[in-house]
Amino acid sequence: MTAFDTLEPRPADALLGLMAAFKADPREDKIDLGVGIYRDDNGATPIMAAVKAAEERLAQAGGTKAYEGPRGNLDYCAAIEAFVYADAARPGGLISFATPGGCGGLYLGMSLIKRSAPTAKMWVSDPTWPNHLAVAATLGLPTASYPYADPAAPAVDVDKMMSALSAAEPGDGVLIQGPCHNPTGIDLTLDEWAAFGKFCADRQLLPLLDVAYHGFAQSLDEDLKGVRTFLAGVPEAILAYSCSKNFGLYRDRSGAVLVQSSSEAASEAVRTHLADIARTSYSMPPAHGPAIVATILGDAALTAIWREELEAMNARMAELRASLADALSPRSNSYDPQSLKAQNGMFSQLPFVPGGTDALKEKGVYIPGSGRINIAGLRRDDIARVGSILSEFV
């Protein structure tokens, strides 16, 4: 028996399996509400005009493909730091690295938690992204869950959330979704962000914030007020940032990790560990996507174009969400679809009956088993039909 003969096949990724089933479906009127990617009314994922302009500029100016070092594009890092902290005073201990997408930032962040406290647990919200659990498992980081929001509820049950987290030990990591929390679309209020920060500081927990949808809730300027309030109340924090959605750079894998420390000495130690973790995984970060972001944010005209495009995408999703809420007539009186209108961003989660998402495939509507739907996968002309189909199973 050879070495590979001992391997057992891994179960297929549920979302990738859903994508394959959708692709194999020959029906022309099939609808994909599963894959988390922005689409326009033609079903396309367009390249933003600001991105095209930046790429043209980079193509004309580019003279090298040399490595940029483990931190990557420093102008890009500074731009992401400015996004996160804005006019707030930045901590004395702050370091940022460009990463291969937001998942690269999560990988570095969880690895740092593991090194900081080898016996730590990683607490994740319920619901959360499946890959949060997968990254933790790959790193040998035990996980526990805390309740966040029920699909049928209008808001976060903060008392229930903190009650569960009271079992966390000092040094444990707590993964917290940023604005447009996936998959529920339900966000913490500003006061709840402040209370959560105080809770984590008092219990000496190490927060890891996942900010993947900045600009998809209210606006670029409003979305991170809660995150900034939280960061101001904790001595240490890790934040993974993704440019996949708000710049449309899905395949260019443009992310970052920011680590806030209590001192410059601690931050320098963090820098060496992040560089070491990066070196033994992907070595050096991608350069193209971060260069696009740095070019756009370094030019006032391109920034204005990008902001306008992002606002249009956001407005379209809000319109689709409201239209879907009005089109839904659920079988159960326990769920009010109007609650969708109070949610934000690309996603919402519907309380489907058991087996409902499987039955939807028979009708040509593809949704993950969790009930999480991609609002941006809808087309205006399909709203009435989708609302009628979904109502059979909610």
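The values are calculated or read from the model by the stated rules, or taken from the named source; none is laboratory data. This structure is a prediction, so every number in the text was calculated from the model and none was measured. Ideal geometry is used to build each Cβ from the backbone, glycine not excepted, and the neighbour counts take in all protein chains shown.
Per the listing 191, 202, 172, the residue uniquely modelled with pLDDT of 90 or more and buried (at least 21 other Cβ atoms within 10 Å of the Cβ) is 172.
Residue-wise test of (1) part of a helix (DSSP H, G or I); (2) surrounded by fewer than 17 Cβ atoms within 10 Å (Cβ to Cβ); (3) over 22 Å from the mean Cα position of the chain (by Cα); (4) hydrophobic (A, V, I, L, M, F, W, C).
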residue	(1), (2), (3), (4)
51	yes, no, no, yes
54	yes, no, yes, yes
60	yes, yes, yes, no
71	no, no, no, no
75	yes, yes, yes, no
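Within the range 51-75, residues that are more than 19 Å from residue 285 (Cα to Cα) reach partners that are small (Gly, Ala, Ser) and surrounded by 14 or more Cβ atoms within 10 Å (Cβ to Cβ) with beta carbons closer than 8 Å, at six or more positions or on different chains, in the pairs 51/248; 54/291.
All of (1) without any contact (Cβ under 8 Å) to a residue 12 or more places away in the chain; (2) under 18 Å from residue 35 (Cα atoms); (3) not in a helix (DSSP H, G or I) hold for residue 370 with one exception: (1). In the set (1) touching a helix residue (DSSP H, G or I) at 6+ places or on another chain (Cβ under 9 Å); (2) in a helix (DSSP H, G or I); (3) closer than 23 Å to residue 211 by Cα, residue 326 fails one condition alone, (3). Only residues that are of a type outside the set (A, V, I, L, M) and either buried (at least 23 other Cβ atoms within 10 Å of the Cβ) or not assigned by TED's automatic domain parsing to the domain that holds residue 177 (or both) were counted in the range 107-122, giving 2. Taken over the range 77-94, the residue count meeting the criterion of being crowded, with 17+ Cβ neighbours inside 10 Å and either of a type in the set (Asp, Glu) or outside any strand (DSSP E or B) (or both) is 8.
Okay, residues lined up against (1) in contact with a Cys (Cβ under 8 Å, 6 or more places away or on another chain); (2) at pLDDT 90 or above; (3) farther than 30 Å from residue 116 by Cβ:
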residue: 282; (1), (2), (3): no, yes, no
residue: 297; (1), (2), (3): no, yes, yes
residue: 303; (1), (2), (3): no, yes, yes
residue: 328; (1), (2), (3): no, no, yes
residue: 338; (1), (2), (3): no, no, yes
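On the basis of being within 22 Å of residue 76 (Cβ to Cβ) and either free of Cβ contacts under 8 Å to residues at least 40 places away in the same chain or touching a Phe, Trp or Tyr at 6+ places or on another chain (Cβ under 8 Å) (or both), does residue 304 make the cut? Considered against the rule, which asks whether it is within 22 Å of residue 76 (Cβ to Cβ) and either free of Cβ contacts under 8 Å to residues at least 40 places away in the same chain or touching a Phe, Trp or Tyr at 6+ places or on another chain (Cβ under 8 Å) (or both), residue 304 comes out as yes. Mind listing just one residue for me: the one in the range 261-312 that is touching a Ser or Thr at 6+ places or on another chain (Cβ under 7 Å), of a type in the set (Gly, Ala, Ser) and part of a helix (DSSP H, G or I) and, of those, surrounded by the most Cβ atoms within 10 Å (Cβ to Cβ)? Once the filter is applied, the top-ranked residue is 289.
Does residue 234 count as of a type in the set (A, V, I, L, M), part of a loop (DSSP other than H, G, I, E, B) and assigned by TED's automatic domain parsing to the domain that holds residue 131? When the stated conditions are applied, residue 234 passes them. Beta carbons closer than 8 Å, at least 6 apart along the sequence or on distinct chains, pair a first residue in the range 32-43 that is charged (D, E, K, R) with a second that is modelled with pLDDT under 85 for 32/19. Return the residues of the range 237-260 that are surrounded by fewer than 21 Cβ atoms within 10 Å (Cβ to Cβ) and either out of contact with any Ser or Thr (no Cβ under 8 Å at 6 or more places or on another chain) or not in a loop (DSSP other than H, G, I, E, B) (or both); say none if nothing qualifies. 251 - this is the single residue of the range 237-260 that is surrounded by fewer than 21 Cβ atoms within 10 Å (Cβ to Cβ) and either out of contact with any Ser or Thr (no Cβ under 8 Å at 6 or more places or on another chain) or not in a loop (DSSP other than H, G, I, E, B) (or both).
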